[in-house]
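To keep things clear, I will list the structure first and then write my remarks on it.
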Amino acid sequence: MAKEKKVEQITDMEVDFAQWFTDVCKKAQLIDYSSIKGVFVYRPYGYAIWENIQNIMDKEFKKVGVENVYMPMLIPESLLQKEKDHVEGFAPECAWVTMGGSEKLEERYCIRPTSETLFCEHFAQVIQSHRDLPMKYNQWCSVLRWEKTSRPFLRHREFLWQEGHTMHATAEEAKAFTEQMLNIYADFCENVLAMPVTRGQKTDKEKFNGAEATYTIECMMHDRKALQAGTSHYFGDGFAKAFDITFTDKNNQRVNPHQTSWGVSTRLIGGIIMTHGDNNGLVLPPKVAPIQVVVLPVAQHKPGVLEGAENLKNRLIAAGYRVKMDDSDNSMGWKCAEYEMKGVPLRVECGPRDLENGQCVLVRRNDGVKTVVKLEELESAVAQQLELVHQGMYDRAKKNLEEHIYEAHSLEEAKQLQETNGGFVKTMWCGDLECELKMKEVAGMSSRCIPFAQEHLGDTCACCGKPASKMIYWGVAY
RNA sequence: CCGGGCUUAGCGAAGUUUGGUAUCGCGCUUGGUUUGGGACCAAGAGACCGUGGGUUCAAGUCCCGCAGCCCGGACCA
C-alpha cells in the first residue's frame, strides 16, 4: 500500500522530528548549506516555492493599493539610531560594513536587518500633503540578522522576505490597515498554503521594537510547536516624530502621519514542511507546488504508452497546470518514491492497460487515495483531485491545531499540559510581564498571542491569581 | 555566546585506540537485460581525509588554533 511505504534515507518524524526536517530539506532538494553559518543556498525546487508564494501574495497586496519599491541594502549607523527602541532591539544582531575597498569608512553601514529607517528617511522626503496619503509601499528583498543559532528556513542569518511599509493620515486608518494586512496573511496561509492560523495580538514583551502594537498569525507544526508565520505592526506616529515626517492636513496644520509595517518570510516554507510533511517526505499545497502533477508512463517501452502519456501531459499544461512527465529509465517504484519525497500533490499513472481501457489513475500525495478516471475527463478530474488534496491537507492540519489547545488555570497545570501534550496552552492572564517571565521559567513556554477570538476561562490570572480579563495562548516556539 | 557530539568520494559509513600502500555500500559513467512501488549483470571513473599550523623518516590517525554541522541551553519581532 502506498501509504505505509517508507522512503529510505529520511528519518521518521516520530524518531527525531528535527532530523526528519533537515532530511526533507536536503533530500527534496529545497536547500543547501553554504560555507557560512546560517546563510543558505535556495535550490531551484525550493526557490520555485518562494516564487509561487510571491506571485500569489503580490497580487493580493496590489489589490489593496500597495506598490513595490526597492530600498538600499546599507543603512548608515546614524540613520539606524534615530529611533531608540528600534536600534536597541536590532543592534545586537547587526552586521556592519566598515571598509570600502581598502579605505576605512568614516561611518560604518549596517546591512539591513529590516528597513523601517530607510523607508522613514524616504517618506520624510516625499510626503508633503494629505493628498500624498495613504502611501503604501512594499519591497521583496533579503535581510541580514546575525543570529546565534540557525536552521534551514526557520532561522537564517540572511533570509528572503517582503516588508510592507505604509503611511496614513489618521491613526484609525493605519490601525485598520494593520489588521487588514494581517487578515491577508491569514487568508493566504489558509487558502493557499492549507495552514490554519490563530490570529491575535502580541504582548508588549513580544512585540516589534518601536511598535505600538504587533499582530500575529501563529501556526501549529506537526510536532505541536508554534511557528510565528507573519506579523503586522501598528507604529502610531513614533517613527514619524523621530524622523520628522510631516504633512499638511486639510486644515493647513502640519502633523505627523501614522505608520504600519508587515512582513512574511521564507520561514513560511519551513511552516509548510512541518505542517504537512510525513515520513515519505514533503507534501506541498497544490497552489504553490512547483510541480502540481507528475505524469508517470508505466512500462513505457511498450508501443503507444509514451505517446499516450505525453498527450496527457500536454493537455494538462494547456489547462494551466505545472506538469512534469518522467520518462527516465528509473523503475516505477523509484519514480513513485521520488515524487512523493518531493511532495508533488498529484500523480498520474498511465500504462498499457490504462490506455487500452481509455483511462488513467490519479494518486493523491496527501492520503495515497487512487482514482481511476476516463481519459476524456482528465482536466476536470485533476482540478477536483487537487482541490481534494488542498482540503485534505487543511483538515488534517486544522484537526492537529484544534486537538492540541489545552486549558489551564495554574502554572503547575500549564506545565503539566505542556509536558504531556505540547501544543498551545490557553489561560487567563493579568497582563503583567512578571507572569510572562514566570511561565517561561516554570513551563518553558513563551506567550504566542492574545487571540482576537477571546474566551472567558475564569476571572483570575493563571500565574499570579490576580484579576484577569484577557485570555492568552502559550507555547514552545520555533 | 556556553556545554556535549561530529567533519574521510555526490550521499551514508569503516579506518583514528597502537602513525606505515585510503576501504565498503549507495549514487554516477558506458554497454546489455529490465520496467504496475526505490530492478539486475558486466566494465569503469571518482578523495590535496573540513581548514591553518606543529610533532615525526613518515600523519586520515598525535598536539594546538579556526570554520562548519547536529543536540541541549541562553538569545532571538
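FYI, it's all coordinate maths here, none of it is from the lab. Since we're looking at a predicted model, the values are computed, not measured. Every residue, glycine among them, receives a Cβ derived from its backbone with ideal geometry; neighbour counts consider all protein chains shown.
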Taking a crude spin-label model, label points 7 Å out from Cα along the C-beta direction, the A:ASP244 to A:ARG43 distance in nm is 5.2 nm
Between A:SER469 and A:LYS302, how high is the FRET efficiency from 1/(1 + (r/R0)^6) when r is the Cβ-Cβ distance and R₀ = 56 Å? Nearest 0.05.
0.20
Entries of A:LYS59/A:LYS225; A:LYS62/A:LYS82; A:LYS398/A:LYS426; A:LYS27/A:LYS440; A:LYS287/A:LYS440 with Cα pairs more than 27 Å apart
A:LYS59/A:LYS225; A:LYS62/A:LYS82; A:LYS27/A:LYS440; A:LYS287/A:LYS440
Report the gain in length on full extension from A:LEU105 to A:GLU67: 0.36 nm times residue separation, minus Cα-Cα distance, nm rounded to one decimal.
10.3 nm
Can you compute the FRET efficiency between A:GLU310 and A:VAL369 using 1/(1 + (r/R0)^6), with r the Cβ-Cβ distance and R0 = 30 Å? Round to the nearest 0.05.
0.70
Loop-only check: which GluC sites (Glu not before Pro) in the range A:187-282 are DSSP coil with at most 11 other Cβ within 10 angstrom?
none
Pair A:ALA91, A:SER34: separation of 7 Å Cα→Cβ label points (nm)
2.8 nm
Distance in nm between A:ASN330 and A:THR22 label points, each 7 Å along Cα→Cβ, equals 2.4 nm
Using the alpha-carbon atoms, what tilt in degrees (0 to 90, nearest 10) does helix A:267-276 show relative to the longest principal axis of chain A?
40 degrees
Two-site FRET efficiency, A:GLN54 against A:LEU74, from Cβ-Cβ distance with R₀ of 30 Å, rounded to 0.05:
0.80
Work out, step by step, the length gained on full extension between A:VAL15 and A:GLU377: first 0.36 nm times the residue separation, then minus their alpha carbon distance; give nm to one decimal.
126.1 nm
Relative to the present Cα-Cα distance, how much length would full extension add between A:LYS84 and A:GLU356 at 0.36 nm per residue of separation?
90.6 nm
Within 10 Å of each residue's Cβ, count the other Cβ atoms and sort A:CYS430, A:CYS141 from fewest upward.
A:CYS141, A:CYS430
